[in-house]
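No value in this document is a laboratory result; all are computed from the given coordinates. Please read all numbers here as calculations on a predicted model, not as lab measurements. Cβ coordinates were reconstructed from backbone atoms using ideal geometry, including for glycine residues, and neighbour counts include every protein chain displayed.
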Amino acid sequence: MDGCGKQEDEMEELAKRKCEACHAGASRISDEEISKYKLNIPNWEISEVDRIKRLVRNFKFKNFREALSFTNKVGSIAEEEGHHPLIQTEWGKVTVSWWTHAIKGLHINDFIMASKTDTLYGG
């Protein structure tokens with residue numbers, strides 16, 4: 001299997017994982033882990049707001065109705081997983097930001113949810 005196929009398998013596996021319970025004492029993932037997991041979600045950016053790292057991606061749509069439908073799908077998976085993003089819905093665009101509020105940074109859950117969000121967008 002070539003490197004590209006392996007990355008696709010890893011991304012699919014990430015999307016199939018479930019979020020684990022996370023509490024305020026949990027550890028943020030390391031910069032090395034961030035780099036590793038980021039390979040599986042190449043369209044996401046690492047952003048910092050108030051010194052808190054988060055994953056951010058803009059999704060494009062033909063109109064507001066499609067953007068709103070996507071927003072609702074993301075909201076549904078967030079409820080299923082018990083992990084909730086910041087979602088900004090506009091005409092033709094949805095911006096989704098994932099980070100773990102309890103630890104004020106990134107956790108594996110954020111990468112799982114970003115991957116699940118990508119799957120919703122692509123499928």
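Between their Cα atoms, which of Lys18/Lys73; Lys38/Lys62; Lys36/Lys93; Lys18/Lys62; Lys60/Lys116 are more than 25 Å away from each other?
Working: Lys18/Lys73 17 Å; Lys38/Lys62 27 Å; Lys36/Lys93 28 Å; Lys18/Lys62 31 Å; Lys60/Lys116 17 Å.
Table pairs above 25 Å Cα-Cα are Lys38/Lys62; Lys36/Lys93; Lys18/Lys62.
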| request: Sum up the charges of everything whose Cβ sits under 12 Å from the Cβ of Val74, counting Lys and Arg as +1 and Asp and Glu as -1, but leave Val74 out. | output: -1
| So, counting K/R as plus one and D/E as minus one, what does the shell of residues with Cβ under 12 Å around Trp99 add up to? | +2
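Output the direction-averaged projected area (hull surface divided by four) of the convex hull of the alpha-carbon atoms of region 3-122, in nm². Don't skip to the answer; put the middle values down first.
On the way: hull surface 29.4 nm².
Orientation-averaged projected area of the Cα hull: 7.4 nm².
If contacts are Cα pairs under 8 angstrom and at least 6 residues apart, what is the relative contact order of region 3-122 in percent? Present the calculation step by step, with values, prior to reporting the outcome.
Numbers: 173 pairs, mean separation 42.3, N = 120.
Across region 3-122, relative contact order equals 35 percent.
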